1. Tell me, how many Å apart are the Cα centres for region 14-50 and for region 53-74?
2. At a Förster radius of 56 Å, what calculated FRET efficiency corresponds to the Cβ-Cβ distance of S42 and K115, to the nearest 0.05?
3. Hey, what did region 68-340 get for relative contact order, percent, Cα under 8 Å, at least 6 apart?
4. If each residue of separation counts as 0.36 nm, what is the full-extension length gain between L187 and Y102 once their alpha-carbon separation is subtracted?
5. Can you name the helices of the chain, as whole DSSP H runs, whose Cα span along the helix axis is 27 Å or more and whose Kyte-Doolittle mean is not below -0.5?
6. Region 103-155 to region 191-207: how many Å between their Cα centroids?
7. Going by a ≥ b ≥ c, the root eigenvalues of the Cα gyration tensor, does region 5-63 fall in the rounded group (a/c under 1.5), the prolate group (a/b larger than b/c) or the oblate group?
8. Among E16, E94, what is the fewest-to-most ranking by other Cβ atoms within 10 Å?
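The numbers here are math on the coordinates, done by the rules we state, and not lab data. Quick caveat: nothing in here was measured; it's all calculated off a predicted structure. Every residue, glycine among them, receives a Cβ derived from its backbone with ideal geometry; neighbour counts consider all protein chains shown.
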Amino acid sequence: MNKKIDILSLTCEQLELKILEIGEKKYRAKQIFYWLHEKRISNFSQMTNISLQLIDKINLNFYINSLNIQKMIVSDIDNTVKYLYELPDGEKLETVLMEYEYGNSLCVSTQVGCKMGCSFCASGIAGFKRNLTPSEILLQIYESERDSGRRADSIVLMGIGEPLDNFDNVIAFLKILSDKNGRNMSLRHVSLSTCGLCEEIDRLAELKLPLTLSISLHAVSDEKRNAIMPINRRYNIERLIHSCSGYFKKTGRRISFEYALIEGINDGEDSAAELIKLIKPLHSHINLIPINKIRERGYKKSKFIKEFQKRLTEGGLNATVRRTLGNDIEAACGQLRRESN
């Protein structure tokens, strides 16, 4: 007996091929795709313009994946909502819905846990379990929008996991998300954050997607970055900047660099000067991040965030400080999942 296929993980083109394989007309795929991603049905019987005979055939070959809300916390300060979702296999992931002046932003996870081991991040503390499928990434959007009644105006792949370590599934997710027959979200409203998997950055550049690539930099010397981000031992800063430069040349899209300020580690005048020297040739944006408190780590938020920003802007960089949301619910990804294990 054939194993049923996760239909929400199929791009429209892949679905067309599968529909042809079961002896149906190609145009049926777009109809089904519309029901799945625009109407967001949970059962194939809800497709009212599809014959019962075809629905029976679809039921034999496909299934509709789902997520269950295990826990939800709403901030009393700024309306941030943090979801803990349970997957069908019992694993858990986190999603955070944030409200800004320009609209709602949804931060989604791409893996269950993380392999990267960044010492200031809670995402990997509970360990890496597996990659998320395209449907499991997508359903974080659909379920969060359904539950909250708020439409996500932008998507940030900055939750639990390293997106480029799950490259193929993430690219399939982006294709499904932006397909005109479904959610039809412009990838200009999507940001993808990576700790610096250079070979995958190079692969992403070849696709020339109009998304925003964000690099988690957090240090400007190999010695410091090696200490807090193990990936730097594989791809050092020189190699990372080379890939970033190539990405900009091939896509024409400016890269955003994330820099979490940690007291006594990367917040001094010397770090600011080195950051200006390193980033200025790339004409990029610097997003300064007040580091989140993590119980298992001894890092402290820098007291010199505004001073650091001033040094960067005086040095000719476009530097902003990320607005911190959800302080009262520990909205940084990884903490809710860790507590549930």
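1. Taking the Cα centre of region 53-74 as reference, the centre of region 14-50 is 14 Å away.
2. On the way: r = 33 Å, r/R0 = 0.58.
Computed FRET efficiency for S42 and K115 comes out at 0.95.
3. 19
4. Fully extending the segment from L187 to Y102 adds 29.0 nm.
5. Sorted by number, there is nothing, because no helix extends far enough and scores high enough.
6. About 18 Å separates the Cα centre of region 103-155 from the one of region 191-207.
7. Here region 5-63 falls in the rounded category.
8. Neighbour counts put them in this order, fewest first: E16, E94.
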